[in-house]
1. Starting from the Cα of residue A:209, step 7 Å along the direction of its Cβ; do the same at residue A:167; then give the gap between the two resulting points in nm.
2. Connecting C-alpha atoms closer than 10 Å in a GNM of chain A, tell me which of A:18, A:28, A:128 has the biggest fluctuation.
3. Using Cα atoms only, what is the angle between the long axis of helix A:198-217 and the major principal axis of chain A, expressed in degrees (0 to 90) to the nearest 10?
4. Tell me the label-point distance for the pair residue A:32, residue A:85, using the 7 Å Cα-to-Cβ offset, in nm and rounded to one decimal.
5. What part of the accessible area of chain A, given as a whole %, is carbon or sulfur when the probe is 1.4 angstrom?
6. Under 15 Å from a point 7 Å along the Cα-to-Cβ line of residue A:52: which residues of the range A:117-134 have their amide N that close?
7. Go ahead and estimate [θ] at 222 nm for chain A from helices alone: -39,500 (n - 2.57) per DSSP H run with n ≥ 4, summed, over the residue count, rounded to 500.
8. Could you tell me how far the Cα centroid of the range A:122-163 sits from the Cα centroid of the range A:87-104, in Å?
Amino acid sequence: MPELPEVETTRAGLAPHLLGRRVLGATLRRPDLRWPIAPEISTVLPGQRIDAVRRRAKYLLLDTAAGSALMHLGMSGSLRVLPAATPVRAHDHVDLALEPRHGEAGAVLRFNDPRRFGCVLWQAPGTLHPLLAGLGPEPLSDVFDGDYLFSLSRGRRAPVKTFLMDQSVVVGVGNIYAAEALFEAGIAPARAAGRVSRERYVALADAVKRILAYAITRGGTTLRDFISPDGAPGYFEQELSVYGRDGQACLRCGHGLRHAVLGQRATVWCARCQR
DNA sequence: AATCCCCCCTGTTAGC
DNA sequence: TGCTAACAGGGGGGAT
């Protein structure tokens with residue numbers, strides 16, 4: 001499932017193929033994903049040159065002089081650059097035809113999303129799409145640290161795991177990395193966010209940064225459906241400590257890992273190592 | 001303002 | 001073996 005490392009892996013994989021290249025046309029095989037596909041994808045984007053491939057939170061932006069394509073992979077989405085003649089498969093919802101270059105045949109940027117929780121929207125030049133307003137800081141930025149989490153969490157009664165996954169608090173931390181970071185920081189996921197000390201939030205912020213940065217170097221986590229633009233899986237899943245290990249032994253102390261649902265999300269933790 | 005909870009969707013898997 | 005039902009997950013949005 002695409003969390004920040006998977007989206008960043010996608011961005012880095014796409015950039016060499018897309019930068020400076022023109023979009024020749026768009027093919028929409030479905031009118032809607034999570035929301036209707038923005039009409040500008042068909043009416044404005046063709047003919048434009050891609051000047052930058054950016055990521056904000058779990059969103060990808062393809063910047064052009066006429067505006068930006070804004071995409072989210074949802075939970076099962078993937079973007080791949082393929083030879084133009086590649087046969088269409090199930091759930092290939094959107095194609096952007098790319099101009100030929102290097103004397104090669106043309107290529108296509110293909111958006112595949114079986115569960116259709118993703119989106120392909122449009123951001124006009126000089127504007128901020130409403131979905132991007134109100135997002136918290138990037139976890140790998142200097143703004144995000146233990147003091148920030150401590151200050152923001154005072155008085156909050158929601159579980160610290162729910163707090164950490166709130167995209168208005170910090171972006172990019174989904175269910176997998178929230179569980180892993182809390183394990184590394186030794187904090188019980190169900191503890192009220194407002195009842196975690198400053199010292200422990202410093203450990204948590206550090207754990208989030210370390211885990212996300214490391215997962216990016218591993219190409220993200222491939223559980224069921226994540227795949228990078230070149231078709232390679234991610235390798236971080238082999239290194240998960242708690243996520244998906246319900247009932248197995250804690251790698252640190254051997255205690256059986258516990259499972260509960262917090263904020264509608266499956267949560268696994270070690271009741272001995274995490275308090 | 002914070003929190004809760006439902007919902008979108010479909011491939012996979014657990015359970016009968 | 002074959003079916004059904006639960007489950008997974010990001011995150012918006014309405015209700016509380």
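1. Placing both labels 7 Å beyond Cα along the Cβ direction yields 2.4 nm.
2. A:128
3. It works out to around 40 degrees.
4. Once both label points are built, they end up 3.7 nm from each other.
5. Values: 6430 of 12210 Å².
Of the solvent-accessible surface of chain A, carbon and sulfur hold 53 percent.
6. A:123-129
7. Rounded to the nearest 500, the figure is -7000 deg cm²/dmol.
8. 35
The values are calculated or read from the model by the stated rules, or taken from the named source; none is laboratory data. Note that the structure is predicted; figures quoted are calculated from it, not measured. Here Cβ is always computed from backbone atoms with ideal geometry, including for glycine, and neighbour counts include all displayed protein chains. Note: accessible area is taken over every heavy atom of the protein model, side chains too, but ligands, DNA and RNA are not part of it. Shrake-Rupley method; radii C 1.70, N 1.55, O 1.52, S 1.80 Å.
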